[in-house]
Amino acid sequence: MRTIDHFIGGGSFASGERQGDVFNPSQGDVQATVRLGTPTDLQKAIDAANQALPGWAATNPQRRARVMFNFKALVEKNMDELAAILSSEHGKVIADAKGDIQRGLEVIEFACGIPHALKGEYTQGAGPGIDVYSMRQPLGICVGITPFNFPAMIPMWMFGVAIACGNAFILKPSERDPTVPVRLAELMKEAGLPDGILNVVHGDKEMVDAILDHPDVKAISFVGSSDIAQYIYSRGTANGKRVQAFGGAKNHGIVMPDADLDQVVSDLTGAAFGSAGERCMALPVVVPVGEKTANNLREKLIPAIEGLKVGVSSDPEAHYGPVVNEAHKNRVEDWIQTCADEGGELVVDGRGFTLQGSEKGFFVGPTLFDHVQPHFRSYQEEIFGPVLQIVRAPDFETAVRLPSEHQYGNGVAIFTRNGHAAREFAARVNVGMVGINVPIPVPVAYHTFGGWKRSGFGDTNQHGMEGVKFWTKVKTITQRWPDGSGLGDENAFVIPTMG
Ligand code: NAD
């Protein structure tokens, strides 16, 4: 059986006593094992990064950007292979796996413009004979800790900007689908990145704790579930590191009475069930405003959901594939039971779904609940599966309040033809990313991504200029070049002012 090794100093590194199973979720069997690293393995990556760092930080930004251009071309050339591996370990269908890679590549395209993004500010004549300017400098060794659900996109969001800014990077990908992250590091090497600037270490809590406590790690970007995000944020910042930690989600789709319901149903089925609901920007809650809207929406949703095709991840006809592993399948099915026990009306039940020829696969059929209430635990918590809950709202005010008061605040969408309602909603809702007739409002690479409340800990978003800010520190220089006349020295004992 294949073993997935660490990638350190430009080559594979086989260490770590413990190993974890990597499944093929479509078939339900183990297809590889991955090394679960130790603090000693992390130290090896830190040593490689420290050795390479001065040279890379001193490389001019244009040359660093050229590596990104080469990498983009290589990922495009290897797209089919990468998508096939990603799909076989994660379970998302091939077209969706390509989307995962493409959305990561778009941040690499942004990183190709790093010479422009890194330019500082300059004020000539801030005082008599005085100029002030700023520069952005790399932090040193940075780390990304990533979730299973976007094994290409999220690593690229992180290492693309961090490395272009002149840092060395250690990626600790999810141990559930670790092959693509290693392939990406190999392609970065092929693109011309010096050895040691991008390392991949595998592991679980033991490796993550070693990262959180290592004095040479200057910044950590984390994406995963909220309890772990909060833990990473607390322990990392207590150790003096810069940390951003993005967590779970429960995104709502508000449907106003004037919305185009056919369009809404098409958008909703994709956003709720695509990738088996395993997206932090999925739409697992729909909030129709008014009973008539709710009844009409429900009537159109049922046949659309019953028409979805669940299949193995390599099936080009399938709308979505299996969930990531058996434990997660059981968890999602338990949530379905909980919601039914709490009083939700189970309209379409996806439990007990089996696929002929793939009986051991981790499949969950599409599930629809109506009459879900805000006090249900199954509404308050993230399910992260192909389960859509209808929460009926009597009016617009209730529809604004529901996502605003929810513990998560990642994304939200409103479907309407009324520009005034949409504008009001966008301004007032207490959520970080808003879609107006856009079901999955993941901002483009040169804007930034980040949720609010328990969906994001820290104060800086991912990618775009916020990413550049996160992965650099700013230095501000105040200069004067006296001409030797002694003028301007009179107030040497007073705090300098420009008055
Ligand atoms: P997870 O929290 O289980 O794992 C994320 C990372 O943390 C992995 O690398 C894992 O190895 C590590 N980890 C797991 N347990 C740990 C522990 N006890 N101590 C230290 N490290 C630990 O998340 P997941 O199941 O891989 O991903 C799904 C979650 O990620 C969902 O909650 C989803 O909403 C969230 N997510 C959020 C965003 C966002 O941008 N907000 C994006 C994608 C996914």
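The values are calculated or read from the model by the stated rules, or taken from the named source; none is laboratory data. No experiment lies behind these values; they were computed from the predicted model shown. When we count neighbours, we look across all protein chains shown, and the Cβ atoms used for this are built from the backbone with ideal geometry, even at glycine.
Taking the criterion of being out of contact with any strand residue (DSSP E or B) (no Cβ under 7 Å at 6 or more places or on another chain), within 26 Å of residue 224 (Cα to Cα) and either part of a loop (DSSP other than H, G, I, E, B) or in contact (Cβ under 8 Å) with a residue 40 or more places away in the chain (or both), the only residue of the range 401-439 that qualifies is 406.
Quick grid of which residues meet (1) more than 25 Å from residue 53 (Cα to Cα); (2) among the small types (Gly, Ala, Ser); (3) not assigned by TED's automatic domain parsing to the domain that holds residue 283:
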{"residue": "221", "(1), (2), (3)": "no, yes, yes"}
{"residue": "239", "(1), (2), (3)": "no, no, yes"}
{"residue": "258", "(1), (2), (3)": "yes, no, no"}
{"residue": "262", "(1), (2), (3)": "yes, no, no"}
{"residue": "267", "(1), (2), (3)": "yes, no, no"}
{"residue": "271", "(1), (2), (3)": "yes, yes, no"}
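Only one entry in 332, 310, 347 is within 24 Å of residue 455 (Cβ to Cβ) and either touching a residue at least 12 places away in the same chain (Cβ under 8 Å) or among the small types (Gly, Ala, Ser) (or both), namely 332. In the range 194-291, counting only helices (runs of 4 or more DSSP H) that sit wholly within it, the ones holding 3 or more residues that are more than 9 Å from the ligand (Cβ to nearest atom), under 22 Å from the mean Cα position of the chain (by Cα) and farther than 30 Å from residue 36 by Cα span 261-273. Taken over the range 171-193, the criterion of being of a type in the set (Lys, Arg), surrounded by fewer than 24 Cβ atoms within 10 Å (Cβ to Cβ) and either under 15 Å from residue 87 (Cα atoms) or within 16 Å of the ligand (Cβ to nearest atom) (or both) is satisfied by 176, 183. Going by the conditions given, is residue 394 out of contact with any helix residue (DSSP H, G or I) (no Cβ under 7 Å at 6 or more places or on another chain), outside the structural domain of residue 61 (by TED's automatic domain parsing), within 14 Å of residue 255 (Cα to Cα) and buried (at least 21 other Cβ atoms within 10 Å of the Cβ)? Judged against the criteria, residue 394 is not a match. Scanning the range 184-206 for residues that are touching a Pro at 6+ places or on another chain (Cβ under 8 Å) and over 24 Å from residue 64 (Cα atoms) turns up 202, 206. Set side by side, the residues 28, 11, 37, 91 differ, and just one is at pLDDT 95 or above, at positive phi and more than 22 Å from the chain's Cα centre (by Cα), which is 28.
Checked against (1) exposed (fewer than 15 other Cβ atoms within 10 Å of the Cβ); (2) under 23 Å from residue 172 (Cα atoms), residue 122 passes all but condition (2).
Just so you know, in the range 234-264 the residues that are surrounded by fewer than 21 Cβ atoms within 10 Å (Cβ to Cβ) and of a type outside the set (D, E, K, R) include one that is farthest from residue 462 (Cα to Cα), and it is 257. Looking at the range 464-477, is at least one residue within 16 Å of the ligand (Cβ to nearest atom) and not small (Gly, Ala, Ser)? The answer is yes, given that some residue of the range 464-477 is within 16 Å of the ligand (Cβ to nearest atom) and not small (Gly, Ala, Ser). Only one of the numbered conditions (1) touching a residue at least 60 places away in the same chain (Cβ under 8 Å); (2) in contact with a Pro (Cβ under 8 Å, 6 or more places away or on another chain); (3) of a type outside the set (Lys, Arg) is not met by residue 171, and that is (1).
The condition of being assigned to a helix (DSSP H, G or I), surrounded by 18 or more Cβ atoms within 10 Å (Cβ to Cβ), in contact with a Pro (Cβ under 6 Å, 6 or more places away or on another chain) and assigned by TED's automatic domain parsing to the domain that holds residue 159 holds for only one of 45, 52, 57, that being 52.
Identify all residues within the range 11-38 that are within 20 Å of residue 207 (Cα to Cα) and small (Gly, Ala, Ser); write none if there are none. Spell out the reasoning first.
Filtering the range 11-38 down to residues within 20 Å of residue 207 (Cα to Cα) leaves 11-22, 32-38.
Those that are within 20 Å of residue 207 (Cα to Cα) and small (Gly, Ala, Ser): 11, 12, 14, 15, 16, 20, 32, 37.
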